[in-house]
Amino acid sequence: HSVSIKGGNEKIRYMASLGYVNQDGIISPSNHNQITARLNLDAKVTKRLSVSANYSMYDARTRAVSAEGRNINDGATQCMLQSHPNVPCYNEDGTLAENYQLRMDTPAFYNEFFPKADGSLWTSSDCAFNIGDAQNPLAIARKIEKNTRAVRNNLTFAATYEFIPDLKLKAQIGRQWI
């Protein structure tokens, strides 16, 4: 969203604008929120002297879903690739299931989430391998917050003096702060 206004006359001109963006990312709960503003003033002080002032600002806040998790190679995206679709993301009480990988190599886990087609039960010898050490990707995405903020302000003043047609001297000073 943005709005701007401009106007003026032969002696003074102005332009102001304000912009706003609030956009969700591809993986929830990532988000980008940004505000921008700009103000330009130009004035013809005399026939030969003109001055200008320009201000702009940018303020962006981003919440990213972490590519890194609690351990090596277990960020939300990696966990999505490693997780099995029939392993629940939520506990029965509605809270996020965070530590299901601790029981992934037990017969009870296999019997609950990977029932055999013939109806027989898994035994300890069937579960000697680990099907993966992935964390719940939803828990990783929501619990590990990766927030950043970027702020930038620019202020510039300029004066232009025209000695003769096509011969001008321009002095400019500016400041940027973050």
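Only the coordinates and a few stated rules stand behind these numbers; no lab work does. Note that the structure is a prediction, hence the values are computed from the model and not measured. With ideal geometry, Cβ positions are generated from the backbone for all residues, glycine too; neighbour counts draw on all protein chains shown.
How much length would be gained if the chain were fully extended between Lys143 and Lys44, taking 0.36 nm per residue of separation minus their Cα-Cα distance, in nm to one decimal? If you can, show how the numbers build up before the last one.
Details: separation 99, 0.36 × 99 = 35.64 nm, distance 5.65 nm.
Once the chain is fully extended between Lys143 and Lys44, it gains 30.0 nm.
May I ask you to list the trypsin sites (Lys or Arg not before Pro) in the stretch 1-89 that are in a DSSP loop and have at most 15 other Cβ atoms within 10 Å of their Cβ? Mind dumping the intermediate values first?
Working: sites: Lys6, Lys11, Arg13, Arg38, Lys44, Lys47, Arg48, Arg61, Arg63, Arg70; in loops: Lys11, Lys47, Arg48, Arg70.
Sites meeting the loop and neighbour criteria: Lys11, Lys47, Arg48, Arg70.
Tell me, what is the FRET efficiency for Ser4 and Thr156 to the nearest 0.05, using R0 = 25 angstrom and their Cβ-Cβ distance as r? Display every interim value, and only then the final one.
Numbers: r = 19 Å, r/R0 = 0.75.
The computed FRET efficiency comes out at 0.85.
Any chance you could get the radius of gyration and Dmax over the Cα atoms of the stretch 1-93, in Å?
24.4, 79
Give me the lysines in straight-line cross-link reach of Lys170: C-alpha distance below 17 Å, same-chain residues under 8 apart excluded.
Lys44, Lys47
Starting from the Cα of Val51, move 7 Å in the Cα-to-Cβ direction to define the label point; list residues of the stretch 141-157 whose amide nitrogen is under 17 Å from there.
So the set is 155-157.
Mind giving me the nanometre distance, one decimal, between the label points for Ala37 and Thr123, set 7 Å out from Cα along Cα→Cβ?
Result for the modelled spin labels: 7.3 nm.
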